[in-house]
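Asks: Here it is: the structure, laid out below.
The values are calculated or read from the model by the stated rules, or taken from the named source; none is laboratory data. Since this is a predicted model, take the numbers as computed values, not measurements. Backbone-built Cβ (ideal geometry, glycine too); neighbour counts: all protein chains shown.
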Amino acid sequence: MEPNYALRLAKLRAATKNVNAVLLLSHHDDANAYYYTGNDVDPTILLATAKDSLLASIQPENHTAFGQSIHYRDAKKELKKRFKALKGKRVGYDDSSPNALRALKFLEKQGVKPVAIGSKISEPRVIKEACELERVRKAQEITLRALYETDTLSGSTENAIAGRLEDAARRHGGALNAFPPMVLCAQRSALYHNTTTNRRIRRGENVLIDCGATFERYCADYTRTHHNGNRSAAFTDAYNAVEESLHAAKRRTRAGTHGRTVGAEALRVIKEYGFEQQSHKAVGLALGHHVGLEVHDGPRLEERVLRKGMVITIEPGIYVPGKYGIRIEDTIII
């Protein structure tokens with residue numbers, strides 16, 4: 001199943017009616033440029049107006065979605081003509097792109113009015129097409145396989161476990177590069193998001209693993225918490241609270257439900273166990289976020305009404321400073 005670029009351009013135009021045109025300059029790590037053009041080869045240029053579009057690339061493809069598709073070497077003459085017609089008008093650019101400054105400087109030289117509209121350009125990506133969901137599902141499968149196959153036995157270092165996770169993801173056809181995998185043991189796991197180190201895991205310590213595979217650029221994001229040895233009663237209570245919180249939140253996760261409702265349900269369970277002051281909310285973390293071409297692919301979970309085609313995470317946690325952190329996270333397709 002292939003992306004529908006004509007539909008994506010229509011969504012872009014609908015989301016950016018406050019400007020006369022939109023300019024996107026590609027970068028190898030530019031989600032918006034890739035989403036609208038299918039091309040992450042630098043240089044690639046997309047200029048879209050209400051009625052027409054130009055795609056210029058060193059690998060031009062005959063996409064019927066684009067009004068004109070040309071080789072990048074021929075772009076200068078064509079862009080000059082098109083920007084002459086846009087002189088004095090508002091042209092949007094993606095201020096969230098790695099190429100934001102380059103785009104701004106380019107537009108300033110064209111005699112147009114640059115408008116930063118990165119959030120509007122990103123908005124259509126929140127609802128995924130069927131082909132995107134296929135890739136997310138594959139990324140989910142790869143991540144879960146890697147987590148299942150990788151042991152966290154005492155004696156290993158955090159880095160060694162991260163390496164085994166990365167190897168497993170590659171063996172299953174993906175890469176563990178949605179973000180650098182986090183393997184945090186004992187007191188370090190209470191820091192909730194941190195850097196994997198050469199700290200060796202000892203018997204009786206917990207290990208928090210947060211990682212995400214990608215498949216054809218689409219991400220997944222999962223967290224699991226394990227324990228080596230006998231758990232204390234306090235740790236067991238906290239773990240049960242997080243696990244039950246996750247399940248309760250997932251039961252509320254459906255199209256038409258506001259993310260705040262899901263967040264409140266997760267927190268309700270943690271409060272009942274007596275861990276409100278150590279909860280994810282207490283340390284400033286959201287319950288979840290959107291996922292897609294980027295691992296943080298949109299707003300926080302609690303900021304939107306859920307809609308079919310969204311991909312989100314739910315990741316309740318309990319963090320006890322100086323002792324341990326527990327987080328369980330799933331990626332969910334609405």
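Asks: Spot the failing condition for Y148; the list is (1) closer than 30 Å to G284 by Cα; (2) in contact with a helix residue (DSSP H, G or I) (Cβ under 6 Å, 6 or more places away or on another chain), and only one is missed.
Replies: (2)
Asks: Could you identify the single residue in A249, A234, A255, A266 that is within 22 Å of the chain's Cα centre (by Cα) and loosely packed, with under 14 Cβ neighbours inside 10 Å?
Replies: It is A255.
Asks: G88 passes all but one of (1) without any contact (Cβ under 8 Å) to a residue 60 or more places away in the chain; (2) exposed (fewer than 15 other Cβ atoms within 10 Å of the Cβ); (3) in the same structural domain as A10 (by TED's automatic domain parsing); (4) not in a loop (DSSP other than H, G, I, E, B); which number fails?
Replies: (4)
Asks: Another one. Residues of region 149-198 being of a type in the set (G, A, S) and either outside the structural domain of H226 (by TED's automatic domain parsing) or within 22 Å of V136 (Cβ to Cβ) (or both), which ones?
Replies: Across region 149-198, the qualifying residues are A168, A169, G173, G174, A175, A178.
Asks: Can I ask one more? Is there a residue in region 105-114 that is part of a helix (DSSP H, G or I), without any contact (Cβ under 8 Å) to a residue 60 or more places away in the chain and farther than 18 Å from Y35 by Cα?
Replies: Within region 105-114, one or more residues are part of a helix (DSSP H, G or I), without any contact (Cβ under 8 Å) to a residue 60 or more places away in the chain and farther than 18 Å from Y35 by Cα.
Asks: Let me ask another. With the condition kept exactly as written, say whether any residue in region 322-334 is at pLDDT 95 or above, in contact with a His (Cβ under 8 Å, 6 or more places away or on another chain) and over 25 Å from P181 (Cβ atoms).
Replies: no
Asks: For residues that are of a type in the set (A, V, I, L, M, F, W, C) and assigned to a loop (DSSP other than H, G, I, E, B), scanning just region 1-20, find the one that is nearest to R137 (Cα to Cα).
Replies: M1
Asks: Still on this structure: Please state which one of L55, L23, L47 is surrounded by 13 or more Cβ atoms within 10 Å (Cβ to Cβ), assigned to a strand (DSSP E or B) and out of contact with any Ser or Thr (no Cβ under 9 Å at 6 or more places or on another chain).
Replies: Criteria check complete, one pass: L23.
Asks: Please specify each residue of region 295-327 satisfying the condition of being assigned to a loop (DSSP other than H, G, I, E, B) and surrounded by fewer than 21 Cβ atoms within 10 Å (Cβ to Cβ).
Replies: Correct list: V295, H296, P299, R304, L306, R307, K308, G309, P321, G322, K323.
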